[in-house]
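So the structure is just underneath, and the comments pick up after that.
The values are calculated or read from the model by the stated rules, or taken from the named source; none is laboratory data. From a predicted model like this one, the values you see are computed outputs, not experimental measurements. Here the Cβ positions follow ideal geometry from the backbone for every residue, glycine too, while neighbour counts run over all protein chains shown. For the accessible areas, the whole protein counts, side chains as well, though only heavy atoms, and no ligand, DNA or RNA atoms are used. Shrake-Rupley method; radii C 1.70, N 1.55, O 1.52, S 1.80 Å.
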Amino acid sequence: MKNYILILFSFLFCLNINAQDADFDSNSVGLNLGNYMFKGKSNDLPRKYIGVSILFGPRSIDTDPGVITTRFVDESPSMDNFTGTTEVLDKYSQFGLAINFHFGRYQGLSHSIFFDINFGDAYSYIFGYSIGYSIPIALGDSYLHIRPALGLMVGNQGFKLGELDNNAGYIEINGNQYFGSYLNMDLKTQSFLYGPQLDLRYFISDNFNIHGNVAYDIGSQDGVPSLYFTSPSTADETFNAEKEINTDNPYVDYNGEKLEKLPYNIGGLRFGIGVGYIWNKD
């Protein structure tokens with residue numbers, strides 16, 4: 001996972017340097033195309049922009065139906081233990097949130113750094129970067145910003161399993177002690193994804209816009225899933241721990257066989273619509 005993150009940021013850094021070198025002047029083909037599309041309005045646009053947007057939309061997750069069985073005993077003297085089953089459906093239709101930071105040219109090379117969260121019992125968190133080409137098109141008194149792009153992402157996908165209860169003084173995992181009443185348990189894997197994206201922005205003022213996004217992610221799981229323990233969200237205490245599942249404790253199976261990867265098809269369509277705010281750089 002760390003290697004994927006390094007690759008992502010190296011890729012972003014190199015592309016950003018190339019973007020800075022690839023300057024366009026007023027006689028370039030791209031700007032002349034902008035003059036045609038805007039019918040004379042493109043001269044009113046600054047060359048570069050920077051902005052943020054928040055998008056909401058449905059997320060559909062394809063999974064293989066079955067049952068995950070989990071058994072675990074902690075390291076404390078009281079041997080707090082968890083035994084439970086988690087039913088996996090054939091599909092999950094849920095709600096997602098995306099936060100985008102984007103910058104580049106109103107017409108030309110542009111960039112986006114984004115974080116996408118998919119809420120639910122089967123969930124995903126994706127951090128990514130996309131490089132695209134912005135095309136402004138006159139539409140009435142305003143304009144539509146079209147941006148085809150290619151994204152590169154790393155993420156976490158998982159299932160919520162239940163709670164490990166504290167039956168005595170504390171729960172102990174990997175030598176660390178937790179004194180709260182219980183810990184949340186998740187089965188989680190890491191992933192690498194890529195795929196095409198399309199951004200559409202319609203400007204309702206000089207700064208505000210309606211932002212739509214559609215993406216198709218292609219991905220694969222990175223290694224064997226792990227069991228994660230986290231404390232409930234409290235102001236005074238935090239705790240997290242990880243245990244590999246290729247052992248007898250914890251023991252995790254799927255439909256009676258030792259689990260080696262999540263029954264979770266990584267990738268698929270993502271949709272979102274929301275609002276954005278643009279700062280004009282120059």
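Screening the stretch 103-133 for residues that are part of a loop (DSSP other than H, G, I, E, B) and in contact with a Ser or Thr (Cβ under 7 Å, 6 or more places away or on another chain) and picking the one that is least open to solvent (accessible area, probe 1.4 Å) gives Tyr106. Of note, Asn265 does not satisfy the criterion of being within 25 Å of Ser93 (Cα to Cα), open to solvent by less than 70 Å² (accessible area, probe 1.4 Å) and under 16 Å from the mean Cα position of the chain (by Cα).
The residue of the stretch 209-234 that is least open to solvent (accessible area, probe 1.4 Å), among those that are of a type in the set (Ser, Thr, Tyr) and in a strand (DSSP E or B), is Ser226. Within the stretch 154-167, does at least one residue satisfy the condition of being touching a helix residue (DSSP H, G or I) at 6+ places or on another chain (Cβ under 8 Å) and either in a strand (DSSP E or B) or of a type in the set (A, V, I, L, M, F, W, C) (or both)? Yes, the stretch 154-167 contains at least one residue that is touching a helix residue (DSSP H, G or I) at 6+ places or on another chain (Cβ under 8 Å) and either in a strand (DSSP E or B) or of a type in the set (A, V, I, L, M, F, W, C) (or both).
Every test in (1) surrounded by 14 or more Cβ atoms within 10 Å (Cβ to Cβ); (2) part of a strand (DSSP E or B) is passed by Pro148 save one, and that test is (1). Do we have Leu161 as out of contact with any His (no Cβ under 8 Å at 6 or more places or on another chain) and over 25 Å from Lys281 (Cβ atoms) here? Yes, satisfied. Among the criteria (1) part of a loop (DSSP other than H, G, I, E, B); (2) under 16 Å from Asn156 (Cα atoms), the one Asp206 does not fulfil is (2). Summed over the stretch 151-179, the residues that are touching a Ser or Thr at 6+ places or on another chain (Cβ under 6 Å) and more than 30 Å from Phe82 (Cβ to Cβ) give a count of 1.
Hey, any hits in the stretch 134-141 for a residue that's more than 23 Å from Gly51 (Cβ to Cβ), surrounded by 15 or more Cβ atoms within 10 Å (Cβ to Cβ) and at pLDDT 90 or above? No; the residues of the stretch 134-141 include none that is more than 23 Å from Gly51 (Cβ to Cβ), surrounded by 15 or more Cβ atoms within 10 Å (Cβ to Cβ) and at pLDDT 90 or above.
Checked against the criterion of being under 30 Å from Pro136 (Cβ atoms), open to solvent by less than 10 Å² (accessible area, probe 1.4 Å) and assigned to a strand (DSSP E or B), the stretch 60-70 has no qualifying residue.
In the stretch 191-202, the residue that is nearest to His145 (Cα to Cα) out of those that are crowded, with 18+ Cβ neighbours inside 10 Å and in contact with a Leu (Cβ under 9 Å, 6 or more places away or on another chain) is Arg201.
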